[in-house]
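Notes for the one structure printed next.
Any read-out appearing in this document is the output of simple, stated calculations on the displayed coordinates, not a laboratory observation. Quick caveat: nothing in here was measured; it's all calculated off a predicted structure. Glycine gets a Cβ as well: all are built from the backbone with ideal geometry, and neighbour counts include every protein chain shown.
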Amino acid sequence: MKIARIAQTLLAIAAGLSIGMARAAPLNVLGFDDMSCAAWNKAKGDQEQRTAYIVWIRGFLSGHNYALPNQQVSTISSGTIEVNINSYCSATPAGSFSDGAMRLSDQFSGRNQPVRR
């Protein structure tokens, strides 16, 4: 009986360790060197840079549609993207506009749940 109890305890410890080690891999966002809201805000007067950021976000949203065909982001204008990212970066100045793009994908896909990394 004592051996069975020890084996049970060891099995529980091993299971606990494996659960702790089974973390999700960090999200590797491929984008600009500086994806900060500060960079987004700085580009307000630079139409070429702001357009590049918006095109990146549109590509990100297309990637969302590719990865989650049952949760498609509906058609979204560049103006809507800009307004939403401006709002996100105003509320989260230390954040990144890629996180704002993730919030857009949730909002416009009908998922409306917080992003989990």
Around residue 36, which amide H atoms from residues at least 5 apart in sequence, or from another chain, sit under 5 Å from its own amide H, with H modelled in the peptide plane? 97
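Could you order the peptides 84-96, 67-79 from most to least packed, using the average number of other C-beta atoms within 10 Å per residue?
Packing proxy ranking, top to bottom: 84-96, 67-79.
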Computed for the stretch 27-109: size of charge dipole around the Cα centre, +1 on C-beta of each Lys and Arg, -1 on C-beta of each Asp and Glu, debye to nearest 20, value 140 debye
